[in-house]
Number of protein chains: 2
Amino acid sequence: MIDDQVGDVLTALADPTRRSLLDALAVAGQASATVLAAGLPVSRQAVVKHLQVLEAAGLVTGARSGREVRYVVRPDPLDATADWLAARSAAWDRRLRSLKRAAEAPPAAP
Amino acid sequence: MIDDQVGDVLTALADPTRRSLLDALAVAGQASATVLAAGLPVSRQAVVKHLQVLEAAGLVTGARSGREVRYVVRPDPLDATADWLAARSAAWDRRLRSLKRAAEAPPAAP
DNA sequence: TTGACCTGCTACCCGAGGGTTGCACGTTCT
DNA sequence: AGAACGTGCAACCCTCGGGTAGCAGGTCAA
């Protein structure tokens, strides 16, 4: 079950601060927590916590370079989650059509 | 900006109870809060609250039928969110490739 | 070597949200 | 009419998560 990973990604993405954090990281390519905090209305510690959540979800990886940690965005889990959502949507759609057909078709059975 | 709707969908999907609620609704086609509560380890009121969140996100609609309210799943917002995520992932990917190319290619600097 | 800088804890505050209970109201069945 | 069922509202707990402040430790540059 990759279901857990999807759950982590969804909870990670549920927070607006985390979303803008990811956006900032994407345009910067790589950045440290301190740099990222400078562009957001929150403290560095808050950014660090968010980065931990994002890293746990696999959306980001941090690599130490001397005295700073460079974080980089990882598109793969996002992609997987998108697929998961699309599959869900398709399944629901099929299910709804099937039920609708079943409700319309048989005028038999008084 | 459909950004807000995506945010609502993500926060709605972040909760495990809400996800299983959606699954149950999808297989049932339509169901009332009381019926749904019977299949989950939470009270009816909790289910009602979750359904309100889901309805606000557009993932579900409730229609009154006599003394009960039948809820039905709506795949569209899910689909839109999946597209949004896929677009994000693709954008990040392009950005990463671009930066990598820029880092490797130019030993020249005008 | 010393000072400046960035990171990594730890402890703490506080509001939001998931969950519950209890009761009043409309609807259906007998 | 009366009983049974489903819904809606309101008040209330309590945990969790986002946010902050403060301090210790590693790393780079004068």
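Shielding by partners for peptide A:70-83, expressed as the average number of C-beta atoms from other protein chains within 10 Å of each residue's C-beta, is 5.
Secondary-structure-derived ellipticity at 222 nm for chain B, considering helices only, amounts to -21500 deg cm²/dmol, per-run term -39500 (n - 2.57) for DSSP H runs with n ≥ 4.
Mean separation of Cα pairs under 8 Å and 6 or more residues apart, divided by the residue count, gives region A:3-104 a relative contact order of 29 percent.
Among B:42-53, A:60-71, B:83-94, sorting by the average number of other beta carbon atoms lying within 10 angstrom of each residue, highest first, gives B:83-94, B:42-53, A:60-71.
Applying the Karplus relation 6.51 cos²θ - 1.76 cosθ + 1.60 with θ = phi - 60° to region B:15-29 yields 3J(HN,Hα) values of 8, x, 4, 5, 5, 5, 4, 5, 4, 4, 5, 5, 6, 7, x Hz, where x marks Gly and Pro.
Across region A:59-75, coupling constants 3J(HN,Hα) worked out from phi with the 6.51/-1.76/1.60 Karplus curve, θ = phi - 60°, read 7, 7, 10, x, 10, 6, 9, x, 8, 10, 10, 8, 9, 10, 7, 10, x Hz, and Gly and Pro carry x.
Percentage of Cα-Cα pair distances in chain A greater than 23 Å, rounded to whole percent?
On the way: 2577 of 5995 pairs.
When every Cα pair of chain A is considered, 43 percent fall beyond 23 Å.
Here region B:3-104 is treated with +1 on each Lys and Arg Cβ and -1 on each Asp and Glu Cβ, and its dipole about the Cα centre works out to around 140 debye.
Taking every residue in B:7-17, how many Cβ atoms of other protein chains lie within 10 Å of its Cβ, on average?
Values: counts 5, 1, 4, 11, 6, 2, 10, 9, 4, 4, 0.
What the average comes to for B:7-17 is 5.
Near the amide H of A:VAL69, within less than 5 Å, lie the amide hydrogens of A:ALA33, all on another chain or at least 5 residues away, with H placed in the peptide plane. Rounded to the nearest 20 debye, the dipole size of the protein assembly as shown about its Cα centre is 100 debye, using +1 on the Cβ of Lys and Arg and -1 on the Cβ of Asp and Glu. Each copy carries a label point for A:ALA102 at 7 Å from Cα along the beta-carbon vector; from one copy to the others these points are 5.5 nm apart, nearest first.
For the protein assembly as shown, the share of alpha carbon pairs falling in successive 5 Å distance bins from zero is 1, 6, 13, 16, 15, 13, 10, 8, 6, 4, 3, 2, 1, 1, 0, 0, 0 percent. Summarising the rotation from chain A to chain B, the nearest chain A beta-carbon to the axis and its distance in Å are given as A:ALA14, 2.
Read-outs throughout are calculated quantities, based only on the coordinates presented, and are distinct from any laboratory measurement. Just so we're clear, the structure is a prediction, and the values are computed from it rather than from any experiment. Ideal geometry is used to build each Cβ from the backbone, glycine not excepted, and the neighbour counts take in all protein chains shown.
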